[in-house]
Amino acid sequence: MPNSLFSLALRNVIRQRARSIATLIAIAIGVAGLILAGGFVQDIFIQLGEAIIHSQTGHIQLTRQGYSEGKNRAPEKYLIENPEALKTDIRQSVPQAQLVMTRLGFSGVLNNGKRDLGIVGEGIEPDAETTLGTYLQFIEGRTLTSNDQDGIIIGQGVARSLGLKVGDRINLLMTLSQGAVNTLDFEVVGVFQSFSKEFDARAVRIPLAAAKSLMDTPAAHLVVVMLRHTDETTAAVDVLKQRFANDGFDITTWKELSDFYEKTVELYDRQFGVLRLIILIMVLLSVVNSVNMTLFERTREFGTMLAVGNRSSTVFKLIMLESLCLGVLGALIGMAFGCLAAIGISAIGIPMPPPPNANLGYTALIRIVPSTVLTAGAIGFAATILATIVPARRAARLEIVDALRHGV
């Protein structure tokens, strides 16, 4: 009986071609829409994350405990005294590490001979940072190299504020904790632009050796770990926390270092949740309309089934099986169409303007995320089943006489 009822339901779907096609189109469009929207949002997350990693934070940072809260008040209290030994230890402990580098943070004043500007700077290892900073765009000049003894790269906002260009000489002044004032003369070798206007407005970078000389210390403030793949971050952090649990280090991931990223993810997750709800309602309404029209036209058919001895439950099961067939087929078609559309759109790319508080536009893609594809298909299928329950119950409870006289 179940097999014969299923085959009858399948034949009914084929027989009602126009209504079935309309229902399938509604389901498929909804499922494809969810896949495209989900893939677009996922691409935003990935590209924003990679921009943060490859322009500022790296994947993981190790600092002395309390550095994030105390770096502005007393940065000299949070120095890592032997950073080279720590780097070697990290390389041996974390097989996922591609690069391990040190940075020495400082704040000071830039003077171009006419005016001053407060800046936040970093002493960096030029060659390693070149590998990491693939999302830094140089609008003028070049990045630092290991041969630059007195070179400095500055953010676009710093260059605008002081009217600087490549080749200009500037003085960097810094007050040490002991009260002494150190100053060094630098040549601007590059003006960079990152994803963050706020960062570019204050940021400068100089060679690590120059920063150590300026601050009169052989130490560093943080060790940056660059991994082969971003999705290895959690595993690498677990290893580092086990290895350095009792050594007085804070181990921080790139997500924890970027409040902007966390808030952006939360915002888009909520927006995408609303979008899912809207698409679900659209599919429900489309399927309800199509099912109601189909059942209305088949009232006499259902009356005949009841008149020849079929139970109301049999009619209900038949209608639900037809909906099941439509839901499965519509979801599969939508998943296939959504994936193909994602591939096609990604091949072309979607030019995007800079996000809020950002400098750089980018080319968006539609990521094919298996979990999103499966979720979209499940939503389309569930919407079809839910939309059919009430009309199916109403059709199963028809009065035989009224149903047979329908349309007469």
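The values are calculated or read from the model by the stated rules, or taken from the named source; none is laboratory data. The model shown is predicted, which means the values in this text are computed figures rather than measured ones. Cβ sites come from the backbone with ideal geometry, for glycine too, and all protein chains shown count toward neighbours. What goes into the accessible areas is simple: the full protein's heavy atoms, side chains included, and nothing from ligands, DNA or RNA. Shrake-Rupley method; radii C 1.70, N 1.55, O 1.52, S 1.80 Å.
Things to note:
- For the range 335-402, the solvent-accessible area with a 1.4 angstrom probe is 55 square angstrom per residue.
- For the cross-link pairs K87/K241; K197/K255; K212/K263, the ones whose C-alpha atoms lie over 24 Å apart are K212/K263.
- Helical runs assigned H by DSSP (4 residues or longer) give the chain a calculated mean residue ellipticity at 222 nm of -18000 deg cm²/dmol, each run adding -39500 (n - 2.57) before division by the residue total.
- Calculated accessible area for the range 86-212 comes out at 44 Å² per residue, all protein chains present (probe 1.4 Å; ligands, DNA, RNA ignored).
- Cα gyration tensor category, rounded, prolate or oblate, for the range 194-268 with a/c compared to 1.5: oblate
- Identified option (computed mean projected area of the Cα convex hull in nm²; candidates [x] 17.2; [y] 26.9; [z] 19.1): [y]
- Projecting the Cα atoms of I124, V223, P391 onto the dipole axis of the chain, where Lys and Arg carry +1 and Asp and Glu carry -1 at the beta carbon, places P391 farthest toward the positive end.
- The chain: most fluctuating residue of S20, S68, S313 per GNM, C-alpha cutoff 10 Å: S313
- Charge dipole (debye, nearest 20) of the range 42-115; +1 at Cβ of Lys and Arg, -1 at Cβ of Asp and Glu: 420 debye
- Note on the chain: with a GNM built from Cα contacts shorter than 10 Å, the maximum mean-square fluctuation among T253, T217, T57 falls on T217.
- Comparing A378, A159, V315 along the charge dipole axis of the chain, the residue lying farthest to the positive side is V315, per the Cβ-charge model.
- Of the solvent-accessible surface of the chain, computed with a 1.4 Å probe over protein heavy atoms with every protein chain present, carbon and sulfur atoms account for 58 percent.
- Debye intensity ratio in log₁₀ form over the Cα atoms of the range 94-232, taken at each q of 0.09, 0.14, 0.18 Å⁻¹: -0.26, -0.62, -1.01
- Computed over protein heavy atoms with a 1.4 Å probe, the accessible surface of the range 213-309 works out to 55 Å² per residue.
- Computed over the range 148-203, relative contact order equals 49 percent, with contacts defined as Cα pairs under 8 Å that lie 6+ residues apart.
- For I14, the solvent-accessible surface with a 1.4 Å probe is about 100 Å², rounded to the nearest 10.
- Rounded to the nearest 10 degrees, the angle from helix 312-348 to the longest Cα principal axis of the chain is 30 degrees.
- Angle between the chain longest axis and helix 370-396 axis [Cα atoms, degrees, rounded to 10]: 30 degrees
- Free of any trypsin sites (Lys or Arg not before Pro) that DSSP assigns to a loop and that have at most 13 other C-beta atoms within 10 Å, the longest stretch within the chain is 312-396.
- Among M305, M215, M335, the largest mean-square fluctuation in a Gaussian network model of the chain, built with springs joining Cα atoms closer than 10 Å, belongs to M305.
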